[in-house]
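For reference, the structure discussed in these notes is given below.
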Amino acid sequence: MFAKAVQRLKPGASVQTHLLLASVLWSFIGLYLLIRGALLYGDGVVWLPVTALVVGALKAHFLLARSARNNIARILALKENSCLGAVYSLKMWALVVLMMVSGRVLRGFGFPEQWVALVYLAVGCALFLASRLFWQQWWAR
């Protein structure tokens, strides 16, 4: 009886919807961090934010692209009407929580705002650039 109730109430979604959600999340969070980083950085030398963006692009290419491809393969293997929370694996959800906590720690420990901004720029750039893989897969379906 409990299993039937859970099955009826779970937010099930198609594989296509999972791909769209992953695309939107990575893009939105990446853009949010890019904008927040740019606003937080303010005035200063230009080469530091440019360096942060280059680091972000390298991170997107060498680290996040692999994670995105693994996540895409996992999503494509999902059954139709799988829980919407399955957009990410438990390991990926744990990483999301870790990243959120890390952001709070960076701001809470009094690091200079410009250094926090550089981290935001690098991570935001990486997420936004890697989101293209999700969009490509979503568009191809």
Members of the stretch 47-83 found to be at pLDDT 95 or above, among the basic types (K, R) and more than 10 Å from L129 (Cβ to Cβ), listed by number: R66, R69, R74
Just to verify a result, which residue in the stretch 22-50, among those that are over 22 Å from M100 (Cα atoms) and touching a residue at least 60 places away in the same chain (Cβ under 8 Å), is farthest from the chain's Cα centre (by Cα)? G44
Search result, residues across the stretch 97-110 that are part of a helix (DSSP H, G or I) and either of a type in the set (F, W, Y) or within 19 Å of L121 (Cβ to Cβ) (or both): M99, M100, S102, G103, R104, V105, L106, R107
Selected residue (only one of I35, I29 is closer than 24 Å to V15 by Cα and at pLDDT 95 or above): I29
Helices (runs of 4 or more DSSP H) enclosed by the stretch 1-96 - at least 2 residues per element that are in contact with a Cys (Cβ under 9 Å, 6 or more places away or on another chain) and surrounded by 15 or more Cβ atoms within 10 Å (Cβ to Cβ): 15-41, 47-59
Of the listed residues (V101, V97, V119, V87), the one being under 17 Å from the mean Cα position of the chain (by Cα) and closer than 16 Å to A52 by Cα is V119
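The values are calculated or read from the model by the stated rules, or taken from the named source; none is laboratory data. Just so it is clear, the structure is predicted and the values come from calculations on it, not from any experiment. In this analysis, Cβ positions are derived from the backbone assuming ideal geometry, glycine residues included, and neighbour counts consider all displayed protein chains.
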